[in-house]
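Undergrad: Have a look at this one before I ask anything.
The values are calculated or read from the model by the stated rules, or taken from the named source; none is laboratory data. This one's a predicted model, so the numbers in the text were calculated from it and none came from an experiment. Cβ sites come from the backbone with ideal geometry, for glycine too, and all protein chains shown count toward neighbours.
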């Protein structure tokens, strides 16, 4: 739900409009029409062999269209440092997958649970590949990973390099301050004029900060924990943060609070969906992934999210 995001300019359409323009909606796998030829009941062996070869070729082609990577191991790109979406663990459990490039480490989180469902539908074994968020799209294009499940949102820039699935959870960007902050009772973005605001590098959270008039836009940091540390140690006056992750943040840091911006006085479009991404040009595969995502009911999504919030590291 984030990252290397849309540039907001006057007169441009919103992220929601962009998603609709892309046609990011569920697709149906199938629709293949099989034609049978009319003719004599008896066929020569050559014709039979040709028909068999054609059928086998068609089957192989369909199978290949639903294949990611080597067809056995699904390499899932993520930073494994963005709880509750994804984080690193030192031991295996029913909710984890191995981190391929970190010895003895495992990944857990909401993205991981969705990746496991996708891998299961494709008949593959998922493994996480841990890397900086800003490297994920390039790594996908270069074939170092097969899919991104990392709290990433589709943007116009990213859509030029990768194809994105339907959203598998919808978040929103909010602002968080200390309870005793002079900005704690702000009701509009203009109330943060002159404030030092911090976000995460290569993310939508960082990009939106420029919408605040006369803001002191601090150099973004690499991870969400570092963003929170910046607020706690006084490096900044406010941070941008995930609305869905707020309850756990306030539990761990009770001196913080969400800033309640009035309707129409916040960011132009604070919506922050979570989309999976694969290399471009794999339409049948994208349809299959959307089928998996659409099969996760709203109740199951909420249950998965709540479970991840409960077990994420402090």
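Undergrad: Step by step: first the residues of the range 129-146, then only those that are touching a helix residue (DSSP H, G or I) at 6+ places or on another chain (Cβ under 7 Å) and buried (at least 22 other Cβ atoms within 10 Å of the Cβ), then the one that is farthest from residue 88 (Cα to Cα). Which residue is that?
TA: Taking the candidates together, the pick is 137.
Undergrad: One residue is enough: does the range 265-288 have a residue meeting the conditions more than 21 Å from the chain's Cα centre (by Cα) and exposed (fewer than 14 other Cβ atoms within 10 Å of the Cβ)?
TA: Looking for residues that are more than 21 Å from the chain's Cα centre (by Cα) and exposed (fewer than 14 other Cβ atoms within 10 Å of the Cβ), one finds at least one in the range 265-288, hence yes.
Undergrad: Follow-up. Scan the range 135-153 residue by residue and report those that are over 20 Å from residue 224 (Cβ atoms), touching a strand residue (DSSP E or B) at 6+ places or on another chain (Cβ under 9 Å) and outside any helix (DSSP H, G or I).
TA: Residues satisfying the conditions are 143, 144, 145, 146, 147.
Undergrad: What strands (runs of 3 or more DSSP E) lie completely within the range 40-134 and have 1 or more residues being farther than 24 Å from residue 284 by Cα and at pLDDT 95 or above?
TA: In the range 40-134, the matching strands (runs of 3 or more DSSP E) lie at 86-89, 106-108, 125-130.
Undergrad: What number of residues within the range 228-256 satisfy the criterion of being within 21 Å of residue 150 (Cα to Cα), out of contact with any helix residue (DSSP H, G or I) (no Cβ under 8 Å at 6 or more places or on another chain) and part of a helix (DSSP H, G or I)?
TA: So the answer is 1.
Undergrad: Restricting to the range 262-296, what's the tally of residues that are touching a helix residue (DSSP H, G or I) at 6+ places or on another chain (Cβ under 9 Å) and farther than 24 Å from residue 240 by Cβ?
TA: Of the residues in that region, 14 qualify.
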